[in-house]
Amino acid sequence: MYRIYIVEDDESISASIKNHIEKWGITAKCTENFRLIIQEFLEFEPHLVLLDISLPFYNGFYWCEEIRKLSTVPVVFISSASDNMNIIMAMNMGGDDFISKPFDFSVLTAKLQAILRRTYDFTI
C-alpha cells in the first residue's frame, strides 16, 4: 500500500485530499506540526509528498529542498500560486509535478496514481 504525506496548511483542503485518496487504498498523513515536517516525513516514510507553497514558518520550496537532501521520493506541489514563476521554481527546487488550486479530485487522483505507477511499479 502506498503512503502519501500531505503538507497543506488549509485543514479543509488537506482533510478532503486525505479522505479522497484513502478511498483508493492509499494511506495518507497530513502534517501535524509545520515546524517538524522533516521529522514527520522520516517517520512516515511516504512514497509521495503533496506540498503546498504557502506554509507557516517556511515555504514549500524550502521543504522540498530539505526533502531532496534526504530522498528522491516524488514531490507534487499543490498551490494556488500557479503563475509561471512559481511553477518553474517548484520544478527547479526538486518538484516532480505541479497541480494548481482549485483542482478536480479525479485529475489529482489520476496524476498521483500515474506518478506512483511510474516510480514504483515499472519493470523491464
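The values are calculated or read from the model by the stated rules, or taken from the named source; none is laboratory data. As the structure is a computational prediction, the values presented were derived from the model and not from experiment. Virtual Cβ from ideal backbone geometry, glycine too; neighbours counted across all protein chains shown.
Cβ separations smaller than 7 Å between residues 6+ apart or across chains give the following pairs from the stretch 59-71 residues that are closer than 11 Å to I37 by Cα and modelled with pLDDT of 95 or more to residues that are of a type outside the set (K, R) and part of a helix (DSSP H, G or I): W63/I37; E66/I38; I67/F41.
Just to check your reading of the model, which residue among I87, I4 is closer than 21 Å to T109 by Cβ, β-branched (V, I, T) and over 11 Å from the mean Cα position of the chain (by Cα)? Let's see the steps before the verdict.
Working: I4 fails: over 11 Å from the mean Cα position of the chain (by Cα).
From the options I87, I4, the qualifying one is I87.
Just checking, does the stretch 100-121 include any residue being in a strand (DSSP E or B) and touching a Lys or Arg at 6+ places or on another chain (Cβ under 9 Å)? Looking for residues that are in a strand (DSSP E or B) and touching a Lys or Arg at 6+ places or on another chain (Cβ under 9 Å), one finds none in the stretch 100-121, hence no.
Name every residue in the stretch 26-58 that is outside any loop (DSSP other than H, G, I, E, B) and either modelled with pLDDT under 95 or closer than 22 Å to A114 by Cα (or both), in order of residue number.
The initial filter retains those residues of the stretch 26-58 that are outside any loop (DSSP other than H, G, I, E, B), namely 27-30, 37-44, 48-51.
Listed by number, the residues that qualify are T27, A28, K29, C30, F41, F44, L48, V49, L50, L51.
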